[in-house]
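Asker: The structure that follows is given in the form of structure tokens.
The values are calculated or read from the model by the stated rules, or taken from the named source; none is laboratory data. Please read these numbers as outputs of a predicted model, since none were measured by experiment. Quick reminder, even Gly has a Cβ in these numbers, built from the backbone with ideal geometry, and neighbours come from all protein chains shown.
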Amino acid sequence: MSKVGVIMGSTSDLPVMQEAIDFLKSMEIEVEVDIVSAHRTPDKLMDYGKNAHERGIQVVIAGAGGAAHLPGMIASLSPLPVIGVPVKSRNSIDGWDSVLSILQMPAGVPVATVALDGAKNAGILAAQILGASNTAIQQQIIEFKEGLKEKVLKGAQELKDKS
């Protein structure tokens with residue numbers, strides 16, 4: 001079974017990260033959720049980064065605000081793909097500090113980065129990564145994208161009907 005780890009620096013990030021969790025669960029992808037603070041629980045971070053793959057996790061989604069070191073530190077320790085979600089936190093500089101901290105990774109330590117508070121896209125990207133080698137998940141992504149198309153076409157028709 002495919003499994004995605006969704007981690008965040010604190011419980012205050014959960015309202016944003018819940019969108020990734022909800023999307024993955026809607027795709028029937030197993031999700032392991034945890035709080036792993038880069039600054040307050042460095043030993044836990046080290047253990048998570050080094051061992052997540054041994055627990056069957058295949059992709060990690062890491063959300064963090066402020067200095068946002070969590071995604072990059074996990075990527076430095078793990079052989080897994082890491083998707084970073086910059087979170088606009090109460091102490092952030094309008095979210096830019098989080099975006100740049102996650103986006104500007106050095107060569108050799110990639111972190112796929114989604115938009116500020118863009119956890120749903122992180123969930124979609126994780127499902128697409130898993131779908132590259134799992135046809136059942138890939139089919140669900142195809143159906144999801146078809147649903148997006150249908151929603152736009154329906155909206156366009158409703159607009160025409162009102163005109």
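Asker: Being buried (at least 24 other Cβ atoms within 10 Å of the Cβ) and modelled with pLDDT of 95 or more narrows it down to one residue among Val60, Val31, Val16; which is it?
Answerer: On the way: Val31 fails: buried (at least 24 other Cβ atoms within 10 Å of the Cβ); Val16 fails: buried (at least 24 other Cβ atoms within 10 Å of the Cβ).
One residue alone meets the criteria, Val60.
Asker: Same structure again: So, in the range 118-155, how many residues would count as being outside any helix (DSSP H, G or I), more than 10 Å from the chain's Cα centre (by Cα) and either of a type in the set (A, V, I, L, M, F, W, C) or surrounded by 14 or more Cβ atoms within 10 Å (Cβ to Cβ) (or both)? Can you show your working first?
Answerer: As a first pass, look at the range 118-155 and keep what is outside any helix (DSSP H, G or I): 118, 132-134.
Now drop any that are not more than 10 Å from the chain's Cα centre (by Cα), which leaves 132-134.
Imposing the further condition that a residue be either of a type in the set (A, V, I, L, M, F, W, C) or surrounded by 14 or more Cβ atoms within 10 Å (Cβ to Cβ) (or both) reduces the set to 132, 134.
Final tally of qualifying residues: 2.
Asker: Identify, from the list Pro15, Pro71, the residue that is touching a strand residue (DSSP E or B) at 6+ places or on another chain (Cβ under 7 Å), more than 21 Å from Ser133 (Cβ to Cβ) and either in a helix (DSSP H, G or I) or of a type in the set (D, E, K, R) (or both).
Answerer: Values: Pro15 fails: touching a strand residue (DSSP E or B) at 6+ places or on another chain (Cβ under 7 Å).
Exactly one of Pro15, Pro71 is touching a strand residue (DSSP E or B) at 6+ places or on another chain (Cβ under 7 Å), more than 21 Å from Ser133 (Cβ to Cβ) and either in a helix (DSSP H, G or I) or of a type in the set (D, E, K, R) (or both), namely Pro71.
Asker: Within the set of pairs 6+ apart or on separate chains, which have a first residue in the range 120-149 that is within 23 Å of Ile7 (Cβ to Cβ), a second that is acidic (Asp, Glu), and C-beta atoms under 6 Å apart?
Answerer: Going by the 6 Å Cβ cut-off, the qualifying pairs are Lys120/Glu19.
Asker: While we're here: Considering only residues that are within 13 Å of the chain's Cα centre (by Cα) and either outside any helix (DSSP H, G or I) or surrounded by 15 or more Cβ atoms within 10 Å (Cβ to Cβ) (or both), which ones fall in the range 19-28?
Answerer: Selection gives Glu19, Ala20, Ile21, Phe23, Leu24.
Asker: Ser92 versus (1) at pLDDT 95 or above; (2) part of a loop (DSSP other than H, G, I, E, B); (3) buried (at least 18 other Cβ atoms within 10 Å of the Cβ): which is the lone unmet condition?
Answerer: (1)
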